[in-house]
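> The structure follows.
The values are calculated or read from the model by the stated rules, or taken from the named source; none is laboratory data. All values derive from a computational prediction rather than experimental measurement. Here Cβ is always computed from backbone atoms with ideal geometry, including for glycine, and neighbour counts include all displayed protein chains.
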């Protein structure tokens, strides 16, 4: 099944970049399968909403694209990559993280992506609900198998935030920034949430599930979050392609992740992250339980800790699991 799923995306990739018809015989030779198998993949693509013209003795030609969510549309751009090379796309799930964990337990490879048009029980950090209406947002979970100590996995969440931020900037031109450690904000309001979960032993990480929700074409929000949340459509005044943004995120994430794995830290990414940090060189509140103190945010360390200067002029490091950071005059 995995081979057929990947082959379908590769066939779409070939049709997207072909200048003319591609014959069934040529596709059979490329993939080493029967023409019947090729026809089944073509039919699966048409079932997903792609308009593919088939003419005897000429072959197949892509006429029209699917504008909804499609596993094949993601895989077509990830043929020679790791992240998103294999994708499962659903109309509705309870939570993409819950489903991704089941796939991870079944042994799928690193980079496997679960995407859904809607979540009936989407989750954010600390057990909060994540609003997941149909047709407007990106709800996805990426399975990773890093050879790192479990204590380093929070840095993957930071990389996820960076990749979303850079992807949004590239696709929309909006001035997306990061509120430490990984909230992506535009004009002081949050456009995404990240929930990272893992399975680990004492000395080994079995897998990490990076769950991401992005407010793409959302037009309104529940009363309790409308003052702190926004969407790319609200900010850009345009309806955006979720597929294009997913592919752009995967491209950015793969580069950042490889750098992190190679270095074993965020050392090679600190400057890049700090340029995106909305809190940098600004006064913030450091909130720990009922305690709240003012400090000047400076940037991050190679471990992803926030560097601050306290009111006595002494530099300290803050860990993301211990505290929250808020702006003096609002969310950021």
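> Only one of these is modelled with pLDDT of 95 or more, in contact with a helix residue (DSSP H, G or I) (Cβ under 9 Å, 6 or more places away or on another chain) and in a loop (DSSP other than H, G, I, E, B): 210, 174, 240. Name it.
When all the criteria are applied, what remains is 174.
> Only one of these is surrounded by 16 or more Cβ atoms within 10 Å (Cβ to Cβ) and assigned to a helix (DSSP H, G or I): 218, 157. Name it.
157
> Name the residues in region 88-111 that are touching a helix residue (DSSP H, G or I) at 6+ places or on another chain (Cβ under 6 Å) and either over 16 Å from residue 243 (Cα atoms) or modelled with pLDDT of 95 or more (or both), would you?
Matches in region 88-111: 93 only.
> Look through 268, 304, 313 and report the one residue that is loosely packed, with under 15 Cβ neighbours inside 10 Å and assigned to a loop (DSSP other than H, G, I, E, B).
313
> Here's a follow-up. Report whether or not residue 61 is over 23 Å from residue 108 (Cα atoms), surrounded by fewer than 21 Cβ atoms within 10 Å (Cβ to Cβ) and in contact (Cβ under 8 Å) with a residue 24 or more places away in the chain.
Details: over 23 Å from residue 108 (Cα atoms): yes; surrounded by fewer than 21 Cβ atoms within 10 Å (Cβ to Cβ): yes; in contact (Cβ under 8 Å) with a residue 24 or more places away in the chain: yes.
In short, yes.
> So, one more: With the condition kept exactly as written, say whether any residue in region 255-265 is under 23 Å from residue 331 (Cβ atoms) and outside the structural domain of residue 306 (by TED's automatic domain parsing).
No, region 255-265 contains no residue that is under 23 Å from residue 331 (Cβ atoms) and outside the structural domain of residue 306 (by TED's automatic domain parsing).
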